[in-house]
Amino acid sequence: QVWLVESGGGLVQTGGSLKLSCAASGFTFSTYALGWFRQAPGKEREFVAAISGSGVYRDYVDSVKGRFTSSRDNAKNTMYLQMNSLKPEDTAVYYCATGQRIGLTRRSSEYSYWGQGTQVTVSS
């Protein structure tokens, strides 16, 4: 019923930019908050960003503040993550997720549905 599909990953040099997309279906998209997570090889999955249903409220992990911007187009049932000034430590598989919650959360356990992930690789 609920599907999330990420796209837009790729290989970029340090300082470059990428824009990820997350296309969603199977739920009332505009009602619920959404999140971005990432996981690098040998590391635990970490929270990156969250956005409220309206897009007014946003939350970011400290390491990406000022560089990443989350947004959403509810008419297209799509969430975006604009990533600027990319660093090698940003290299990871990026996942979008929803817990069909109204409020924002950083806890991965609060998210019930996940996309397949898209690879972001930043070369030094």
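Structure values in brief
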item: Solvent exposure ordering (accessible area, 1.4 Å, most first) of TYR113, TYR80; result: TYR113, TYR80
item: Surface accessible to a 1.4 Å probe, per residue, for the residues of segment 70-121, Å²; result: 48
item: Fluctuation leader among LEU11, LEU34, LEU81 - the chain, Gaussian network, Cα springs under 10 angstrom; result: LEU11
item: Environment charge at ALA97 (Cβ cut-off 14 Å; Lys +1, Arg +1, Asp -1, Glu -1); result: +2
item: Accessible surface, 1.4 Å probe, highest first, among residues SER70, SER54; result: SER54, SER70
item: Net charge of Cβ neighbours under 10 Å - reference SER70; Lys, Arg +1; Asp, Glu -1; result: +1
item: Carbon and sulfur %, accessible surface of the chain computed with the full protein complex present, 1.4 Å; result: 47
item: Contact order normalised by residue count of segment 57-113, Cα under 8 Å, 6+ apart, percent; result: 25
item: Computed label-point distance, nm, for sites ALA75 and SER112 using a 7 Å Cα→Cβ extension; result: 3.0
item: Electrostatic dipole magnitude of the chain [Cβ: Lys, Arg +1; Asp, Glu -1; Cα centre; debye, to 20]; result: 140
item: Rounded D (µm²/s) - segment 1-74, Kirkwood Rh over Cα pairs, Stokes-Einstein at 25 °C, 0.890 mPa s; result: 178
item: Positive minus negative residues near LEU34 (Lys, Arg vs Asp, Glu; Cβ under 15 Å); result: +3
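The values are calculated or read from the model by the stated rules, or taken from the named source; none is laboratory data. Quick caveat: nothing in here was measured; it's all calculated off a predicted structure. Quick reminder, even Gly has a Cβ in these numbers, built from the backbone with ideal geometry, and neighbours come from all protein chains shown. Calculation scope for accessible area: heavy atoms of the full protein, side chains included, ligands and nucleic acids excluded. Shrake-Rupley method; radii C 1.70, N 1.55, O 1.52, S 1.80 Å.
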